[in-house]
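Here's the structure, in structure tokens; my notes come after.
Values in this text are rule-based calculations from the coordinates and carry no lab data. Note that the coordinates shown come from a computational prediction; the quantities given were computed from them, not determined experimentally. No Cβ is skipped: glycine too gets one built from the backbone with ideal geometry, and neighbour counts run over all protein chains shown.
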Amino acid sequence: MTTPASAAKASGRAATAADLDTLSRQLNRPVRDVVEIPARCVCGNPLVAATAPRLSNGIPFPTTFYLTHPVITAAVSRLEAAGLMNTMTERLSADPDLAAAYLAAHRAYLSARAGIGERAGTGPVPEIDGISAGGMPTRVKCLHVLVGHALAAGPGVNPLGDEAIEDIAQWWTPERCYCVGAWDPESPVPSRDLSRHVRQQPSKPLPRS
Ligand SMILES: [Zn+2]
């Protein structure tokens, strides 16, 4: 007997049509060029979307791992509002070990993106060679990017992303499902037309950097 959760686990990283609908509901806008789901809730729902390094319209896209779960996104925004990014950036210039681990995270990001590009068949993307995201390797400009990377890569790869995950433990932890009530699984899937005509947003995929 296959439950939805075990089916989701078996499907692994591949993004199903149902995953894409869930992502669009989580973000309240249509998603494009998502190739994998590198991190899932214990219930199977996506936590992070992996986008191809070159979009189908040809534009290079450096932000490979995008945090989509509204509960985690909101919790990380609280850390950003509390000024954690400045503190982390200052620590990077004062702590050579942390700086080295963060540089390694930057390189891991680039390597993971190259793998996703290969699997997505997008070919080389020289425009973004050496450019990762979130301020890596020397600054912290977007904590959501670091948390998305840490969830995708697993513990021990992005030290500041791992820290931020610990820091949001009062709102979200990896062991529990926080999906109920976080978005409406019955709502219509946001479409490009809806976003253009009703919400007045450009139909850009995952624009956070
Ligand atoms: Zn869940």
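Only residues that are closer than 23 Å to Cys177 by Cα and either in a strand (DSSP E or B) or away from the ligand (no atom under 16 Å from the Cβ) (or both) were counted across region 32-63, and they come to 11.
Residues in region 148-173 that are touching a Phe, Trp or Tyr at 6+ places or on another chain (Cβ under 9 Å) and under 16 Å from Glu80 (Cα atoms): Gly148, Leu160, Ile165, Trp171, Trp172.
As for region 136-145, it holds at least one residue that is crowded, with 21+ Cβ neighbours inside 10 Å, assigned to a helix (DSSP H, G or I) and of a type in the set (A, V, I, L, M).
Residues of region 171-192 that are closer than 26 Å to Leu79 by Cβ, in contact (Cβ under 8 Å) with a residue 12 or more places away in the chain and not acidic (Asp, Glu): Trp171, Trp172, Pro174, Arg176, Cys177, Tyr178, Cys179, Ala182, Trp183. Could you check, for region 104-123, whether at least one of its residues is over 21 Å from Glu36 (Cα atoms), surrounded by 12 or more Cβ atoms within 10 Å (Cβ to Cβ) and of a type outside the set (A, V, I, L, M)? No - not one qualifying residue is present in region 104-123. The residue of region 64-96 that is nearest to the ligand (Cβ to nearest atom), among those that are in a loop (DSSP other than H, G, I, E, B) and more than 19 Å from Asp19 (Cα to Cα), is Ala82.
Among the criteria (1) under 25 Å from Ala81 (Cα atoms); (2) more than 16 Å from the ligand (Cβ to nearest atom); (3) in a loop (DSSP other than H, G, I, E, B); (4) not polar (S, T, N, Q), the one Tyr178 does not fulfil is (2). When Ala150 is tested against (1) touching a residue at least 60 places away in the same chain (Cβ under 8 Å); (2) under 20 Å from Gln170 (Cα atoms); (3) of a type in the set (Gly, Ala, Ser), only condition (1) is not met. Report whether or not Thr68 is within 20 Å of Asp184 (Cα to Cα) and crowded, with 23+ Cβ neighbours inside 10 Å. It is true that Thr68 is within 20 Å of Asp184 (Cα to Cα) and crowded, with 23+ Cβ neighbours inside 10 Å. Checked across region 158-165, the condition of being in contact with a strand residue (DSSP E or B) (Cβ under 8 Å, 6 or more places away or on another chain), within 22 Å of Leu47 (Cβ to Cβ) and surrounded by 13 or more Cβ atoms within 10 Å (Cβ to Cβ) holds for no residue.
The residues of region 74-130 that are small (Gly, Ala, Ser) and within 26 Å of Pro60 (Cβ to Cβ), listed by number, are Ala104, Ala105, Ala108, Ser111, Ala112, Ala114, Gly115, Gly117, Ala120, Gly121, Gly123, Gly130. One residue stands out in region 10-31 among those that are within 16 Å of the ligand (Cβ to nearest atom) and without any contact (Cβ under 8 Å) to a residue 60 or more places away in the chain: the one that is farthest from Gly115 (Cα to Cα), namely Ala18.
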